[in-house]
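Structure record follows, encoded as structure tokens.
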Amino acid sequence: MQGVLLKEKRIIDLVGENYVRASVLFYFGIKFYEYNNQTLEEVCRQKGLKVEQVVNELESAVQSNQEDIPLAHYPLDIIIEYLKHAHFTFIKHKLPYISKLIEGLSVADAQFENLVRDLKLVFPLFVEDFIHHIYEEEDTLFKYIIKLELAAKQKLNPVKLWRQLEAHSLQQFALEHELHEDEMAGIRKITLNFELYDTTPLHVKVIYAELMDFEKQLITHAAIENNILFPRAMSLEAQVKERLFSKSRWN
């Protein structure tokens, strides 16, 4: 019965009830803001989609939440793989979707003219900087921690590690990481902390919902790094340094 109700609803009503549905429709090739007043059934027929399949996805769609995984008890390499998977999801799914939403944003109301302009200008720059930061983190911090783990298991040449220890410091990594933590500050500023009005268009509401969900995921991601990854890795670094320095004193 619910499926029948959904397929008979207009796209604007489906998305207005639950903003997550916009992302489901997007991955079926339906940009909700281009089909506002058509029913789901009409749009599916027009695009050659099976309405039952789309309805099933809409019914099962829920906001993605970070699971309460006891990462503190996992090996460091597993924690790093978990963080890298999150990076992949951000770069390949979340950010491209938000970018497409912003690219397609067109609001007739002059009240939102500056917002539209600023989002289209600032968000691509934010994405570029964010991706650069992610790749830099994987190429330096994550690789360094993996080498520390190998050294602790005596699977890495001590001479090579000595040079790494001289070149890197996890404490410095942690300090630099703090500087990047409030990456959404600029976005919050131009959106006035995602403030909504009675006149806020649905398209803008969907964008705000996705940006707030992304920020929530970033906060969780940073907490894992600050509260689990860095303390564990710094302890490992201290152990490896002590072992190498002790060995050098005996040689």
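Rounded to the nearest 20 debye, what is the charge dipole size of the chain about its Cα centre when +1 sits on each Lys and Arg Cβ and -1 on each Asp and Glu Cβ? Walk me through the numbers before you get to the answer.
Numbers: 29 positive and 38 negative charges, 213 e Å.
Dipole of the chain, to the nearest 20 debye: 1020 debye.
So for the range 106-165, Kirkwood radius off the Cα pairs, Stokes-Einstein at 20 °C and 1.002 mPa s: how many µm² s⁻¹? Kindly include the intermediate steps, with their values, before the conclusion.
Numbers: Rh = 15.0 Å.
D, rounded to a whole number, is 143 µm²/s.
With runs of 4+ DSSP H residues as the only contributors, calculate the mean residue ellipticity of the chain at 222 nm using -39,500 (n - 2.57) per run, divided by the residue total and rounded to the nearest 500.
On the way: 14 runs with 168 residues, N = 251.
-21000 deg cm²/dmol, from helical runs alone.
So how tilted is helix 170-179 from the main axis of the chain? Cα-based, degrees 0 to 90, rounded to 10.
30
Given a 1.4 angstrom probe, what's the average accessible area per residue across the chain, in square angstrom?
Value for the chain: 58 Å² per residue.
Taking the dipole about the Cα centre of the chain, with the C-beta of Lys and Arg at +1 and of Asp and Glu at -1, give me whichever of 12, 104, 141 is farthest to the positive side.
Selected residue: 141.
The range 77-141 to the range 30-46: how many Å between their Cα centroids?
26
Which one, 230, 126, 32, is farthest towards the positive end of the dipole of the chain when Lys and Arg carry +1 and Asp and Glu -1 on their Cβ?
230
Given a cut-off of under 8 Å on Cα pairs at least six residues apart, what relative contact order in percent is computed for the chain? Let's see the in-between values first.
Numbers: 154 pairs, mean separation 57.0, N = 251.
Here the relative contact order equals 23 percent.
Pick from 224, 78, 30: which is most flexible by mean-square fluctuation in a GNM of the chain where alpha carbon atoms under 10 Å apart are linked?
Its mean-square fluctuation being the largest, the pick is 78.
Only Lys, Arg, Asp and Glu count, each charged at its Cβ (+1, +1, -1, -1), so figure out the dipole size of the range 83-137 about its Cα centre, rounded to 20 debye. Intermediate results must be reported in sequence, preceding the final value.
Working: 6 positive and 8 negative charges, 56 e Å.
The calculation lands at about 260 debye.
Multiply the residue gap between residue 37 and residue 85 by 0.36 nm, knock off their C-alpha separation, and tell me the result in nm, one decimal place. Don't skip to the answer; put the middle values down first.
On the way: separation 48, 0.36 × 48 = 17.28 nm, distance 3.76 nm.
That pair, residue 37 and residue 85, stretches by 13.5 nm at full extension.
Net charge near residue 190: determine it from the other residues with C-beta under 12 Å of the C-beta of residue 190, scoring Lys and Arg +1 and Asp and Glu -1.
On the way: positive: 117, 120, 188, 189; negative: 118, 195.
Combined, the nearby Lys, Arg, Asp and Glu give +2.
Rounded to a whole number of µm²/s, how large is the Stokes-Einstein D of the chain at 25 °C and 0.890 mPa s, given Rh as the Kirkwood radius over C-alpha pairs?
Value of D from the Cα-based Kirkwood radius: 116 µm²/s.
For the range 215-228, just list the computed ³J(HN,Hα) in residue order, Karplus coefficients 6.51, -1.76 and 1.60, θ = phi - 60°, integers in Hz, with x standing in for Gly and Pro.
With the stated coefficients, the range 215-228 comes to 5, 4, 5, 5, 5, 4, 4, 5, 5, 5, 5, 6, 9, 10 Hz.
The values are calculated or read from the model by the stated rules, or taken from the named source; none is laboratory data. It should be emphasised that the depicted structure is a prediction, and the values quoted were computed from it without experimental measurement. Ideal geometry is used to build each Cβ from the backbone, glycine not excepted, and the neighbour counts take in all protein chains shown. Just the protein is used for accessible areas: all its heavy atoms, side chains included, with ligands, DNA and RNA removed. Shrake-Rupley method; radii C 1.70, N 1.55, O 1.52, S 1.80 Å.
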